[in-house]
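Below is one structure; the comments refer to it alone.
What follows draws every value from the coordinates through simple rules; no lab data is involved. Nothing here was measured: the structure is a model prediction, and the numbers come from that model. Note that each Cβ is placed from the backbone with ideal geometry, even for glycine, and that neighbours are counted across all protein chains shown.
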């Protein structure tokens, strides 16, 4: 399928006006992603409240930003969604993902807990995962303050955040807390980069295989580490008992097949797993809502998954956040 008009517009701008992230310094790449997100995101929609908090972690503390929906969204215990930004474990922050966090908060009738985990290359594996697991445990302990005691708890991440989300879900399966679902948006799941979509979309579609290799070299510099299921979850052999999963992929993305193969492995292990592929779209399209209208559709898809499983958990009637 050809690229959508929105994806064509974004790619034309990127090819004309930006340098590939892996050709920049890390600080330069971080600023470039912020600028790209700011240019192509819709204006931030109002939410009920936002609060920045420091959560204790093994690395000292990790910053989280709590988004609460506008009044009247949902009833009963609101689901809590720990949201993990993408950016190859090296880029991304609250600001690059602010539009998505706000939109998900309202559409999902959810309390969104966005996490600014430690990034590479300053902090390679397992620093980011340690921060994420600390925040998930904190959110479970503080559920009564965030929403209500026993509120359904979800983890959601895009790209490298999707990697961290499902790795954290593997750890939670063993040690708690219970997760009601995981949402993985074009996740990074295998350091080998050997899928057909990696070959087909190796370059020219924003995320390149060369750029992925750059990210992997910073996150897991020890090649032996990359085979661990907590680093490359697609290599995991024991996936039984993981929470219900929604995997969102983009057709013209080198990571497409990793996400879809992971969903197939989850289903084979008896885990409820749904895949939605957005045709004609590129990696990171959910950050480009002003140019790519399907970004809003993706938010609604994720929100519906969260609302439906939250209502099943609490026994309340599922309502739209719109």
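Numbers for the structure displayed
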read-out	value
Rg(Cα)/(2.2 N^0.38 Å) for segment 151-254, N = residue count	1.10
Exposure proxy order (Cβ contacts within 10 Å, fewest to most) of 288, 218	218, 288
For segment 218-322: rounded, prolate or oblate by the Cα gyration tensor [a/c cutoff 1.5]	oblate
Packing-based order for 203-213, 151-161, using average beta carbon neighbours within 10 Å, highest first	151-161, 203-213
Added length on full extension, which subtracts the Cα-Cα distance from 0.36 nm per residue, residue 31 to residue 12	4.9 nm
Over the chain: helical MRE at 222 nm, DSSP H runs n ≥ 4 each giving -39500 (n - 2.57), nearest 500	-12000 deg cm²/dmol
Spatial separation of Cα centroids for segment 146-187 and segment 217-242, in angstrom	16 Å
Antiparallel bridges, percent of DSSP beta bridges restricted to segment 5-314 (to nearest 5)	35 percent
Percent RCO, i.e. relative contact order, over segment 5-314, from Cα pairs under 8 Å lying at least 6 residues apart	20 percent
Antiparallel content of DSSP bridges confined to segment 56-177, in %, to 5	40 percent
Distance (nanometres) between label positions extended 7 Å along Cα→Cβ at residue 149 and residue 225	4.1 nm
Two-site label geometry, residue 308 and residue 53: point separation in nm, points 7 Å out along Cα→Cβ	3.0 nm
Ratio of the Cα radius of gyration of segment 231-282 to 2.2 N^0.38 Å, where N counts its residues	1.14
Dimensionless Rg over Rh [segment 27-136; C-alpha; Kirkwood]	0.99
Quotient of Cα Rg and 2.2 N^0.38 Å for the chain, N being how many residues it contains	0.91
Potential extension, residue 39-residue 24 segment - 0.36 nm per residue separation minus Cα distance	3.5 nm
Where the Cα pairs of segment 148-211 fall when distances are cut into 5 Å bins, in %	4, 16, 21, 19, 14, 10, 8, 5, 3, 1
